[in-house]
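These notes are about the structure you will find just below.
The values are calculated or read from the model by the stated rules, or taken from the named source; none is laboratory data. What you see is a predicted model; the values in this text were computed from it and never measured. As a convention, Cβ positions derive from the backbone with ideal geometry for all residues, glycine included, and neighbour counts pool all protein chains shown. With ligands, DNA and RNA removed, areas are computed over all heavy atoms of the protein, side chains included. Shrake-Rupley method; radii C 1.70, N 1.55, O 1.52, S 1.80 Å.
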Amino acid sequence: MSHALVSVKGLNVHFKEPVLKGLFLSVKKGEFVSIVGKSGVGKSTLLNAISGLLKGEGEIHAPPTIGFVFQNHSLFPWMTVKENLSFGLHENDEKKIQELMALLEMQGKENDYPTQLSGGQQQRVSLGRALATNPSLLLMDEPFSSLDGHTRLRMQEWMMNLIQKIDTTTILVTHDVDEAILLSDRIVVMKDGSIHSEHVVPFTKPRLNEIRYQQPFQELKKKIIESYD
Amino acid sequence: MKMNWKALAFLAGMLAFWHGIVWMQLVNTALFPGPFAVLEAGISWFNSGILLQDVGTSIWRLLTGLAIGGTLGILLGLAMGRIFFLEETAAPFFHILRAFPPVAIIPLIIVWLGIGDIAKIFSIAFAVFFPLWISTLIGVKSIPKEYLKVATLFSKHPLKTLTRVVIPAPLPFLVSGVRIAIGMGFIMVFVSELAGASSGLGYFIASAQIVYRVDQMMAGLIVLGLLSFLTDYLFVRVSQRLFPWVNVQ
Ligand SMILES: Nc1ncnc2c1ncn2[C@@H]1O[C@H](COP(=O)(O)OP(=O)(O)OP(=O)(O)O)[C@@H](O)[C@H]1O
Ligand SMILES: [Mg+2]
């Protein structure tokens, strides 16, 4: 068993009321973990705490270089695709940019502004910016939820392929249980400020979109959704 | 503003109507001169060399006032937008000042600063300060928190956050703030030149009024309007060029 890359021990975060209450979570190197749970349960708060953007009480061990993808306002509108991608880099690393553009399948769009891109393309660039610094940990907070249904399906498929190519440890927050099952090794359900249950996803990777219509997939989905309340 | 053939035809129609009224002698042409008389007044104004001088003076006052008031407005807007203590402490005071119609301060300015260029530039700067201060403040305060999070995660230098995120983010607000300020600046140029000036477009119109040269007054008004339109147009074009991502309309 490999060592935990991320470990959260007894994390408490308090706004007006306690949001995270003694939360424990551990993620292994190379693992893809999804966090699901009802709205307002503290999923984004947990990602913010892991990334260091938010201070909480408790112990958090996370690597120093972290990539973060947000649901909305994910790109700087005043920067071109290329400028957005290189925001985290020290200087204009043309080779790195071209490598990312190929990975994102966005060649030729280097000098476009975000408003000139489709929603799916914007989220890909946002992912590219998060990956540009070769982070050991990738955090994604509902990266596809602002996309329309069809684009979201295509992005999930594309993401499935991408995670086969890169071996970054990833924590994904999502409301879409299908998406969580399709992409993850493990799914954790948050409830009442802590992890309520965990579900290992047994299907071999890479997974095809079609598996969501199969019996075992549906059963796992049912089990996860039932554990929400 | 988009010019199309319908708009141009309508404009031509209105000019023809104006000319028609005068040509049929339905009005006293001394009080209501026709378009050709106004054009003639404009041409002789131009030929005398004074037109360009007046335009130059007014534009110089406007731009100096804009530069001073604008810089202060933008800097204070940035500072108050980023430092909550400053906003809490100082913003209410500026909101009270903002409530005064800027034109109404001119009599006081004349008493305090006289009628020279400094007084005029001060009134213009005072008037344009507020739209730029408030649009910068609102622009900075409405920066999506995601932008700041990305900035924090990716750059360890506060200066980089400032120059690459905090300053560009409110530009769409600033562009519309500058346009409001340009409009306001022209009002202030005109009003401040009405009283106690020896050149400038406001002065030209005011002195034409004393001698009942309505043709000259109208020519002055048209030049002032064209100038205001052109300044805004140029600003929009330059902004579109510099910040193609801002939706200027
Ligand atoms: N900066 C903040 N100040 C005060 N309260 C906050 C803040 N951020 C989050 N909260 C509160 O903490 C709780 C958890 O919020 P969080 O955004 O983590 O939920 P979430 O699980 O991500 O929800 P969603 O699925 O809707 O994104 C909510 O009740 C929210 O109102
Ligand atoms: Mg959230």
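Yes or no, residue by residue, for (1) in contact (Cβ under 8 Å) with a residue 40 or more places away in the chain; (2) closer than 30 Å to B:L137 by Cα:
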site	(1), (2)
B:A7	no, no
B:G20	no, no
B:L31	yes, no
B:F36	no, no
B:D54	yes, no
B:R61	yes, yes
B:T64	yes, yes
B:I74	yes, yes
Apart from one, (1) out of contact with any strand residue (DSSP E or B) (no Cβ under 8 Å at 6 or more places or on another chain); (2) within 16 Å of ligand 2 (Cβ to nearest atom) all hold for A:I50; the odd one out is (1)
Conditions (1) among the hydrophobic types (A, V, I, L, M, F, W, C); (2) buried (at least 18 other Cβ atoms within 10 Å of the Cβ); (3) within 14 Å of chain A (Cβ to nearest Cβ) -> B:V223 fails only (3)
Here the qualifying pairs (Cβ atoms under 7 Å; residues six or more apart or on different chains; first in region B:145-165 and facing chain A (nearest Cβ under 9 Å); second at pLDDT below 90 and open to solvent by 30 Å² or more (accessible area, probe 1.4 Å)) come out as B:E146/A:N72; B:E146/A:H73; B:Y147/A:H73
Within region A:7-17, restricting to residues that are open to solvent by 70 Å² or more (accessible area, probe 1.4 Å) and part of a strand (DSSP E or B), the one that is farthest from ligand 1 (Cβ to nearest atom) is A:K9
Does A:E105 satisfy being open to solvent by 40 Å² or more (accessible area, probe 1.4 Å), away from chain B (no Cβ under 14 Å) and closer than 16 Å to A:M159 by Cβ? yes
Scanning region A:26-56 for residues that are surrounded by fewer than 20 Cβ atoms within 10 Å (Cβ to Cβ), more than 23 Å from B:I143 (Cβ to Cβ) and within 15 Å of ligand 1 (Cβ to nearest atom), the one farthest from the other protein chains (Cβ to nearest Cβ) turns out to be A:K38
Residue hits (region A:1-23; within 16 Å of A:I187 (Cβ to Cβ) and among the aromatic types (F, W, Y)) are none
By residue number, the members of region A:165-187 that are within 16 Å of ligand 1 (Cβ to nearest atom) and either closer than 19 Å to A:N134 by Cβ or of a type outside the set (S, T, N, Q) (or both) are A:I171, A:L172, A:V173, A:H175, A:D176, A:V177, A:E179, A:A180, A:I187
Restricted to region A:207-227 and to residues being open to solvent by less than 40 Å² (accessible area, probe 1.4 Å) and assigned to a loop (DSSP other than H, G, I, E, B), the residue nearest to A:L47 (Cα to Cα) is A:S227
Residue count, region A:57-76, condition open to solvent by less than 20 Å² (accessible area, probe 1.4 Å) and facing chain B (nearest Cβ under 10 Å), comes to 8
A:G88 meets each of (1) within 16 Å of ligand 2 (Cβ to nearest atom); (2) within 13 Å of chain B (Cβ to nearest Cβ); (3) not hydrophobic (A, V, I, L, M, F, W, C) with one exception, condition (1)
Report task. Check region B:183-203 and report whether any residue there is in contact with a strand residue (DSSP E or B) (Cβ under 8 Å, 6 or more places away or on another chain) and among the aliphatic types (A, V, I, L, M). Result -> no
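Residues that are more than 14 Å from chain B (Cβ to nearest Cβ), open to solvent by 50 Å² or more (accessible area, probe 1.4 Å) and in contact with a Leu (Cβ under 6 Å, 6 or more places away or on another chain): list the helices (runs of 4 or more DSSP H) wholly contained in region A:111-198 that include at least 2 such residues.
Details: elements: A:119-131, A:149-165, A:177-183.
Fully inside region A:111-198 and qualifying: nothing.
A quick yes/no check of all residues on (1) modelled with pLDDT of 95 or more; (2) open to solvent by 10 Å² or more (accessible area, probe 1.4 Å):
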{"position": "B:I121", "(1), (2)": "yes, yes"}
{"position": "B:I124", "(1), (2)": "yes, no"}
{"position": "B:I138", "(1), (2)": "yes, yes"}
{"position": "B:L153", "(1), (2)": "no, yes"}
{"position": "B:L159", "(1), (2)": "no, yes"}
{"position": "B:R164", "(1), (2)": "no, yes"}
{"position": "B:F190", "(1), (2)": "no, yes"}
{"position": "B:L194", "(1), (2)": "no, yes"}
{"position": "B:A206", "(1), (2)": "no, yes"}
| A:S126 being touching a strand residue (DSSP E or B) at 6+ places or on another chain (Cβ under 7 Å) and closer than 30 Å to B:V248 by Cβ | yes
Going by what's in this entry, would A:V81 be described as in contact with a Lys or Arg (Cβ under 8 Å, 6 or more places away or on another chain) and within 14 Å of another protein chain (Cβ to nearest Cβ)?
yes
A:T204 passes all but one of the listed conditions (1) away from ligand 1 (no atom under 16 Å from the Cβ); (2) closer than 25 Å to B:L153 by Cβ; (3) outside any helix (DSSP H, G or I); (4) open to solvent by 30 Å² or more (accessible area, probe 1.4 Å); the exception is number (2)
Among the hydroxyl-bearing types (S, T, Y), part of a loop (DSSP other than H, G, I, E, B) and away from chain A (no Cβ under 14 Å): is that true of B:Y233 in this structure? no
